[in-house]
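J.: Before we start, here is the structure in question, set down as structure tokens.
The numbers here are math on the coordinates, done by the rules we state, and not lab data. Just so it is clear, the structure is predicted and the values come from calculations on it, not from any experiment. Using ideal geometry, Cβ is built from the backbone for each residue, glycine included, and neighbour counts are taken over all protein chains shown.
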Amino acid sequence: MNTTKTISIPENALVNMLQSLPENILENIFWKTFVRSDDAPLSDIEKNEITKAKDEYRKHETIKWKDIR
């Protein structure tokens, strides 16, 4: 039987812990926490958003992950 235990942790302790982690570990936490896999075909809106994002990236109009922290 797999049991899950819930604990409380102060926000500043959590932020300090995350700030001390290497970038590759933070990226892994981000993907596991916020990204869902979806193998459905892309909608026209999604295709347009991808095209727009690639264009912004080429123009250097994006924000780097490390600059968000």
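J.: Just one of the numbered conditions (1) surrounded by 10 or more Cβ atoms within 10 Å (Cβ to Cβ); (2) in contact with a Lys or Arg (Cβ under 9 Å, 6 or more places away or on another chain) is not true of Q19; which one?
T.: (1)
Each row is one residue, and each column tells you yes or no for (1) touching a Phe, Trp or Tyr at 6+ places or on another chain (Cβ under 9 Å); (2) of a type outside the set (D, E, K, R); (3) in a loop (DSSP other than H, G, I, E, B).
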site: N2; (1), (2), (3): no, yes, yes
site: I7; (1), (2), (3): no, yes, yes
site: N12; (1), (2), (3): no, yes, no
site: N24; (1), (2), (3): no, yes, no
site: E27; (1), (2), (3): yes, no, no
site: F30; (1), (2), (3): yes, yes, no
site: S37; (1), (2), (3): no, yes, yes
site: P41; (1), (2), (3): no, yes, yes
site: N48; (1), (2), (3): no, yes, no
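J.: Here is a list: K54, K66. Which entry is in contact (Cβ under 8 Å) with a residue 24 or more places away in the chain and either surrounded by fewer than 10 Cβ atoms within 10 Å (Cβ to Cβ) or over 15 Å from the mean Cα position of the chain (by Cα) (or both)?
T.: Result: K66 is the single residue among K54, K66 that is in contact (Cβ under 8 Å) with a residue 24 or more places away in the chain and either surrounded by fewer than 10 Cβ atoms within 10 Å (Cβ to Cβ) or over 15 Å from the mean Cα position of the chain (by Cα) (or both).
J.: Checking S43 against (1) under 30 Å from L14 (Cβ atoms); (2) exposed (fewer than 11 other Cβ atoms within 10 Å of the Cβ); (3) among the polar types (S, T, N, Q), which single condition isn't satisfied?
T.: With respect to (1) under 30 Å from L14 (Cβ atoms); (2) exposed (fewer than 11 other Cβ atoms within 10 Å of the Cβ); (3) among the polar types (S, T, N, Q), S43 is out only on (1).
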